[in-house]
Amino acid sequence: MAEVKGKILAGKVLVKPQEAETKTVGGIIIPDSAKEKPLRGEVVLVGAAKKDETVEVKAGDVVLYGKYAGTELEIDGEKYLLINQSDVLYII
């Protein structure tokens, strides 16, 4: 993954979503039209803390986030998701 340059506003997190599963546990191949939006990704950039919050995540963390969280962005041909830190549900 190429290094992303830039600055993120307070309380925001830039995440590189992991690829959606292409096979089920039983070995059935999932077509593109039926794939779920990924809910897991790696944190790339973290904004500063808001006044009444602490920064809980750091670059390199793998996180789970809500299904409809964030805004999809494309930076240098790569797809990213810009979410609020409060949308992070779990840090792996």
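Any idea what the dipole of the chain comes to, in debye rounded to 20, about its Cα centre with Lys/Arg Cβ at +1 and Asp/Glu Cβ at -1?
Details: 13 positive and 15 negative charges, 31 e Å.
Approximately 140 debye in magnitude.
Computed from backbone phi with θ = phi - 60° and the Karplus coefficients 6.51, -1.76 and 1.60, the 3J(HN,Hα) list for the stretch 50-66 is 6, 3, 10, 10, 10, 7, 9, 10, 9, 4, x, 5, 9, 10, 9, 9, x Hz; x is used for glycine and proline. Accessible surface calculations at 1.4 Å, restricted to protein heavy atoms, place the chain at 72 Å² per residue. The residues neighbouring Gly6, those whose beta-carbon lies less than 15 Å from its own, together hold a net charge of 0 under the Lys/Arg +1, Asp/Glu -1 convention. Counting protein heavy atoms only, the chain has 53 percent of its accessible area on carbon and sulfur, 1.4 angstrom probe. With 18 Å as the limit on Cα-Cα distance, the pairs of Lys51/Lys79; Lys23/Lys67; Lys37/Lys79; Lys16/Lys79; Lys50/Lys79 that go past it are Lys51/Lys79; Lys23/Lys67; Lys50/Lys79.
For the chain, applying the loop criterion from DSSP together with a ceiling of 13 other beta carbons within 10 Å to the chymotrypsin sites (Phe, Trp or Tyr not before Pro) yields Tyr68.
Among Gly47, Gly26, Gly70, the residue with the largest mean-square fluctuation in a Gaussian network model of the chain, with springs joining Cα atoms closer than 10 Å, is Gly26.
Each residue of the stretch 41-48 is assigned a 3J(HN,Hα), and the resulting list reads x, 9, 6, 9, 9, 10, x, 5 Hz, derived from the Karplus form 6.51 cos²θ - 1.76 cosθ + 1.60 (θ = phi - 60°), x at Gly and Pro.
If the chain between Lys67 and Leu9 were fully stretched, how many nm would it gain, using 0.36 nm times the residue separation less the Cα-Cα distance?
On the way: separation 58, 0.36 × 58 = 20.88 nm, distance 2.19 nm.
In short, 18.7 nm is gained.
Spin-label model, Glu74/Ile28: points 7 Å from Cα along the beta carbon direction are separated by 3.2 nm.
The values are calculated or read from the model by the stated rules, or taken from the named source; none is laboratory data. No experiment lies behind these values; they were computed from the predicted model shown. A quick note on method: Cβ atoms are made from the backbone with ideal geometry, for glycine too, and the neighbour counts reach across all protein chains shown. Just the protein is used for accessible areas: all its heavy atoms, side chains included, with ligands, DNA and RNA removed. Shrake-Rupley method; radii C 1.70, N 1.55, O 1.52, S 1.80 Å.
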